[in-house]
Amino acid sequence: MNAKPVLGLTMGDPAGIGPEICLRALREPVVLERCVPVLFGDASVLERVAKAGGAAPDLRVVPAGEFEHTFSINEPLIVDCAAVNAADIVPGTVSSACGRAAYHYIEHSIRAALAGRVDGVVTAPIHKESLHLAGVTFPGHTEIFTALTGAKRSCMMLYSDQLTVSMATTHIGYHEVPGRLSVERIFNVIELTAETMRWMLNREPRIGVCGLNPHAGEHGLFGRREEEELVEPAIRQARETGVDAQGPLVPDAVFTAGQRKKIDAIVTLYHDQGHIPFKMLAFDTGVNITLGLPIIRTSVDHGTAFDIAWQGRADPRSLYSAINIAAALAAGKMKGSAA
């Protein structure tokens with residue numbers, strides 16, 4: 001049995017910065033101290049990327065079919081999914097081939113996690129347009145992992161030492177948000193957030209819940225009383241289960257330094273309500289965690305950065321943070337403050 005957890009890394013979109021930062025992770029001492037990394041990707045792509053801007057680590061390459069058979073995992077590995085022709089990839093370019101390959105890496109990693117071959121999964125960024133061109137209808141990682149693991153409920157959490165936010169809705173247009181909100185959905189996100197923060201902090205967390213409208217609706221002056229009809233009942237329900245939930249809070253004030261000190265995590269109601277303040281505070285070190293899954297899944301909090309792909313310029317710190325959090329979750333030793 002490994003003293004360190006075995007973590008599956010997915011390479012992400014082959015045309016983005018995922019291959020580069022994953023290569024760096026496989027030889028990074030900070031990573032190797034915490035876990036045994038297993039990279040699901042394409043060996044031929046990694047070779048091209050290494051020649052373009054990095055140095056390929058001397059690692060064992062295992063075909064995906066062979067990896068599914070039982071053998072001891074005690075060293076970093078590259079699991080070659082052979083999902084794309086490396087010679088056809090144009091770095092920084094949207095393509096159906098890369099979208100399809102990125103999805104295959106995710107599928108292989110999820111199967112490995114469900115089978116207990118890896119103790120958690122850390123994902124490099126994918127490109128949603130490339131996924132769409134490949135016929136993959138999921139809007140993002142969170143929805144893919146929810147569906148392929150059979151999770152009954154899930155949500156996205158962005159975690160950092162400065163701010164932690166969860167989202168009731170994610171990759172949808174603004175006009176769709178009110179129709180996707182419900183008392184049950186908001187309550188589920190509050191509860192999932194509280195469960196995770198309780199374990200992280202080893203105490204009862206303080207959960208703030210944003211309103212949907214400016215000034216949290218100003219008692220019905222703005223919006224269609226979403227605060228009164230959706231948010232407030234969800235907060236009451238959470239309080240009845242013992243959660244210290246506060247709100248609806250005014251969205252343009254809750255992220256200020258003084259308010260953040262009073263709250264351990266903030267439940268937001270749509271993508272940018274949580275992502276904008278989070279990335280302002282923790283863009284390089286923040287971690288995306290999917291709550292509610294039967295497996296551990298963390299991710300970087302940035303995109304594919306096509307403009308600098310394969311140039312050796314990508315900052316790997318968010319990936320290292322995601323690996324660190326996944327390793328801590330797998331080891332059951334996560335400690336620290338979240339807000």
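The values are calculated or read from the model by the stated rules, or taken from the named source; none is laboratory data. On a predicted model such as this, the values are computed, not experimentally measured, just so you know. Don't worry about glycine lacking a Cβ; one is built from the backbone with ideal geometry, like all the others, and counts go over all protein chains shown. Ligands, DNA and RNA are stripped out before the accessible areas are found, and what is left, the full protein with its side chains, is counted by its heavy atoms. Shrake-Rupley method; radii C 1.70, N 1.55, O 1.52, S 1.80 Å.
If the chain linking Leu32 and Asp161 were pulled fully straight, counting 0.36 nm for each residue of separation and taking away their Cα-Cα distance, it would gain 44.2 nm. Placing +1 on the Cβ of every Lys and Arg and -1 on the Cβ of every Asp and Glu, with nothing else charged, gives segment 257-304 a dipole about its Cα centre of roughly 160 debye. For Ala86, neighbours were defined as the other residues whose beta-carbon sits under 12 Å from its Cβ, and their charges (Lys and Arg +1, Asp and Glu -1) total -2. Please report, in debye to the nearest 20, how large the charge dipole of segment 180-280 is about its Cα centre when each Lys and Arg carries +1 at its beta carbon and each Asp and Glu carries -1 there. Approximately 340 debye in magnitude. Potential lengthening of the chain between Ala147 and Glu47 amounts to 32.8 nm, from the contour at 0.36 nm per residue minus the alpha-carbon distance.
Between Arg297 and Val121, Thr290, the built amide H atoms are under 5 Å apart, and every one of these is 5 or more places off in sequence or on another chain. For the chain, hydrophobic long helices are taken as DSSP H runs at least 18 Å long by C-alpha position along their axis with mean Kyte-Doolittle hydropathy of -1.0 or more; these are 96-114, 183-201, 317-331. Averaged over residues, the count of other Cβ atoms within 10 Å places the peptides 163-173, 177-187 in the sequence 163-173, 177-187, highest first.
Here the gap between Glu68 and Arg203, fully extended at 0.36 nm per residue and compared with their Cα-Cα distance, gives a gain of 44.7 nm. Taken one residue at a time, the phi angles of segment 125-140 give Karplus couplings (6.51, -1.76, 1.60, θ = phi - 60°) of x, 10, 10, 5, 5, 5, 4, 4, 4, 7, x, 8, 8, 5, x, x Hz. Gly and Pro are set to x. Neighbours of Gly173 by Cβ distance under 14 Å: Lys/Arg scored +1, Asp/Glu scored -1, total 0. For the chain, the tally of Lys pairs with Cα-Cα distances below 24 Å comes to 10, considering only residues 8 or more apart or on different chains. Looking at segment 5-149, the DSSP beta bridges with both ends there are about 0 percent antiparallel. Among the chymotrypsin sites (Phe, Trp or Tyr not before Pro) in segment 1-82, those placed in a DSSP loop whose Cβ has at most 16 other Cβ atoms within 10 Å are Phe71.
How many percent of DSSP beta bridges within the chain run antiparallel, rounded to 5? If we restrict to bridges inside the chain, about 25 percent are antiparallel.
Does the chain come out rounded, prolate or oblate, given a ≥ b ≥ c as the square roots of the eigenvalues of its C-alpha gyration tensor, rounded meaning a/c under 1.5 and, failing that, prolate meaning a/b above b/c? Note, shape of the chain comes out prolate. Within segment 206-231, name every residue whose backbone N is under 11 Å away from a label modeled 7 Å from Cα of Val183 along the Cβ vector. Output list for this probe position: 229-231. For Ala265, the residues whose modelled amide H falls within less than 5 Å of its own, excluding neighbours fewer than 5 places apart on the same chain, are Arg206, Gly208. Annotation: peptides 218-230, 286-298, ranked by per-residue average of other Cβ atoms within 10 Å with the highest first, follow the order 286-298, 218-230. Amide H contacts of Leu249: Val209, Cys210, Gly211, each under 5 Å away and 5 or more positions distant or on a separate chain (H built 1.01 Å from N in the peptide plane; Pro and chain starts excluded). A 1.4 Å probe run over the protein chains yields, for segment 213-339, 45 Å² of accessible area per residue, whole-number rounding. When +1 charges are put on Lys and Arg Cβ atoms and -1 charges on Asp and Glu Cβ atoms, the dipole computed for the chain relative to its Cα centre reaches about 600 debye.
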